[in-house]
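Structure first, commentary second.
The values are calculated or read from the model by the stated rules, or taken from the named source; none is laboratory data. Computed from a predicted model, the values in this text were never measured in an experiment. Here the Cβ positions follow ideal geometry from the backbone for every residue, glycine too, while neighbour counts run over all protein chains shown. Please note that ligands, DNA and RNA were not included when accessible areas were found on the heavy atoms of the full protein model with its side chains. Shrake-Rupley method; radii C 1.70, N 1.55, O 1.52, S 1.80 Å.
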Amino acid sequence: MRIREVKRAFSHKLGAQEDDSGDHIYFYLDYKGSSYTVGKLSHSWSGDLNDTQIMLLARKLYLRKREFELFVDCTLTASETVNIWQERRQTSQ
C-alpha cells in the first residue's frame, strides 16, 4: 500500500480535509457538526507503508488492518467505513 493511495482514500473517498501545514499531515472528517481527526501521516513517510504505519492509520478510523486495506482498495465503501468508525468510536468511549 502506497502513501499516495492512502491520501487519495482519505481525501476523495472519505471526503476528509487535508491539513499539511504542521509537523504532520492531518485528515479531518466533518461529521454531524463536529470535526474529527481520522488520519495522521508523517511528512517523512513516502512510498510503501509498512505494517506498523498501516496499523497506526487504521486505528484512527477504528478499523482492523484488513478493513483499512479494503477501505484504501475501494472495496469497503465510504459509508460502510463511517458506520464502522461511528459504532466502534461510541463503544470505546
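With contacts taken as Cα pairs under 8 Å at a separation of at least 6 residues, region 46-93 carries a relative contact order of 29 percent.
For region 34-93, the per residue solvent-accessible surface stands at 58 Å², with DNA, RNA and ligands left out and a 1.4 Å probe. Of the peptides 25-36, 61-72, the ranking by mean beta-carbon count within 10 Å, highest at the top, reads 61-72, 25-36. Here the accessible area of the chain is 44 percent carbon and sulfur, with a 1.4 angstrom probe and all protein chains present. For the peptides 83-92, 1-10, the ranking by packing is 1-10, 83-92, with the highest mean count of neighbouring Cβ atoms within 10 Å listed first.
A helix-only calculation puts the chain at -12000 deg cm²/dmol for mean residue ellipticity at 222 nm, using -39500 (n - 2.57) for each DSSP H run of at least four residues, averaged over all residues.
Shape analysis of the chain yields a ratio of the Cα radius of gyration to the Kirkwood radius, Rg/Rh, of 0.93. Across region 40-45, rounded Karplus estimates of 3J(HN,Hα) from the backbone phi angles (6.51 cos²θ - 1.76 cosθ + 1.60, θ = phi - 60°) give 9, 10, 8, 4, 7, 6 Hz, Gly and Pro being marked x. Less than 5 angstrom separates the built amide H of L76 from those of F71, all sequence-distant by 5 or more or on a different chain. Here's the list of lysines a cross-link from K65 could span, going by alpha-carbon distance under 17 Å and ignoring same-chain residues fewer than 8 apart: K7, K40.
Given a Förster radius of 30 Å and the C-beta distance between D23 and R66 as r, what FRET efficiency does 1/(1 + (r/R0)^6) yield to the nearest 0.05? E between D23 and R66, to the nearest 0.05, is 0.50.
A Cβ-based charge dipole, computed about the Cα centre of region 1-52 with Lys and Arg at +1 and Asp and Glu at -1, lands at about 200 debye. Sequentially through region 59-69, phi angles give Karplus couplings (6.51, -1.76, 1.60; θ = phi - 60°) of 4, 5, 9, 6, 10, 7, 4, 5, 5, 5, 4 Hz, Gly and Pro residues having no value and appearing as x.
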